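Student: Provided herewith is a single structure, encoded as structure tokens, for subsequent inquiry.
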Amino acid sequence: MKKRILLFILAGIMVVLIGGAAYVLNYYHASDDVRAFLTDTEDDVGILETGEGLFLDGPGTETALIFYPGGKVEYTAYVPLLSRLAEGGIDCFLIKMPANLAVFGANKASAVMAQHEYDHWYIGGHSLGGAMAASFAGKNDLDGLILLASYPTEAVDERAIEIYGSEDGVLNADKLQAGDGFFSKEPEKVVIRGGNHAQFGNYGEQKGDGTAQISRERQQAEAAEAMLAFMNKQILRSQGELVGKRQ
């Protein structure tokens, strides 16, 4: 009888392990154009491997964004989007998450901030990555939070921007609206007309998503423009507040 119980327990453990492994190994891979992009980057943006992922080093020296990838998405899929920011003067740290799930690495930004010095730090992410970035922002002092097709699930004091596509079939609209209650300051909202959930990254189509009415390049260009405008506005605001305190 004891042997049967032991065998039953072992069988259950094996089922869980096999199911877990299958879940982890089934993720969205970065598209081929990203791999080509990594080996043929623009001269003004260097892409370097770090202990936490990739560092996109542009011409800027004062401001950095730490970015958490979407759930079950290969982190390199966001290189094209973040390269636009790096070109615009915002250095970017793209974080590689354990099992491609930011929930297992929500505090990885701490290591990045401890190893580098910038006048202004921002954190952001896509989908699940955005929720985990918001969780980190709620416990740490940063200049702002950037959410792509995402929303917070706990209190956030930083100024924030939420960017999402009008054709997003994955983002839960009710939870997005409920998430507004966690912000101490009203977030800025940008809706990309014709954009969907998956086109913030380069990893193909996503299950349950809506059909985009604009190209991936256009969606990322509009997202990058909104992100740069938000960060630059916050920097100017902080500089103005600092001047006011000195006077």
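Student: State, as an integer percentage, the relative contact order of the stretch 28-246 based on alpha-carbon contacts under 8 Å between residues 6 or more apart.
Tutor: Values: 496 pairs, mean separation 37.5, N = 219.
Answer for the stretch 28-246 is 17 percent.
Student: Between E62 and E205, what length in nm is gained on full extension when 0.36 nm per residue of separation is reduced by their alpha carbon distance? Write down the numbers at each step before the final one.
Tutor: On the way: separation 143, 0.36 × 143 = 51.48 nm, distance 3.53 nm.
Value of the extension gain: 47.9 nm.
Student: Among the listed pairs K189/K233; K139/K189; K72/K207; K108/K139; K72/K108; K72/K96, which have their C-alpha atoms separated by more than 20 angstrom in this model?
Tutor: K139/K189
Student: Note down the Stokes-Einstein diffusion coefficient of the stretch 39-132 in µm²/s, whole number, using a Kirkwood radius over alpha carbon pairs, 25 °C, and 0.890 mPa s.
Tutor: 189
Student: Quick one: if you stick a label point 7 Å off each Cα along the C-beta vector at E225 and S238, how many nm between them?
Tutor: Between E225 and S238, the simple spin-label model gives 2.6 nm.
Student: Mind giving me the FRET efficiency for E117 and T39? R0 is 35 Å, r the Cβ-Cβ distance, nearest 0.05 is fine.
Tutor: Efficiency for this residue pair is about 0.75.
Student: Here is a follow-up. Show me 141-152, 113-124, 90-101 ranked by packing, highest mean number of other Cβ atoms within 10 Å first.
Tutor: With the highest mean Cβ count within 10 Å placed first, the list reads 141-152, 90-101, 113-124.
Student: Rounded to two decimals, what ratio of Rg to Rh does the stretch 28-246 give with C-alpha atoms and a Kirkwood Rh?
Tutor: We get a ratio of 0.94 for the stretch 28-246.
Student: Once R0 is set to 22 Å, what does the formula 1/(1 + (r/R0)^6) return for the Cβ-Cβ distance between F104 and A155, expressed as a FRET efficiency to the nearest 0.05?
Tutor: Values: r = 22 Å, r/R0 = 1.01.
The computed FRET efficiency comes out at 0.50.
Student: How much net charge surrounds E158 when only the other residues with a Cβ under 10 Å from the Cβ of E158 are counted, with Lys and Arg +1 and Asp and Glu -1?
Tutor: Within the 10 Å Cβ shell, the charges total -1.
Where a number appears in this text, it was derived from the coordinates with a stated rule and is not lab data. Small disclaimer: the values here were computed from a predicted structure and weren't measured. Using ideal geometry, Cβ is built from the backbone for each residue, glycine included, and neighbour counts are taken over all protein chains shown.
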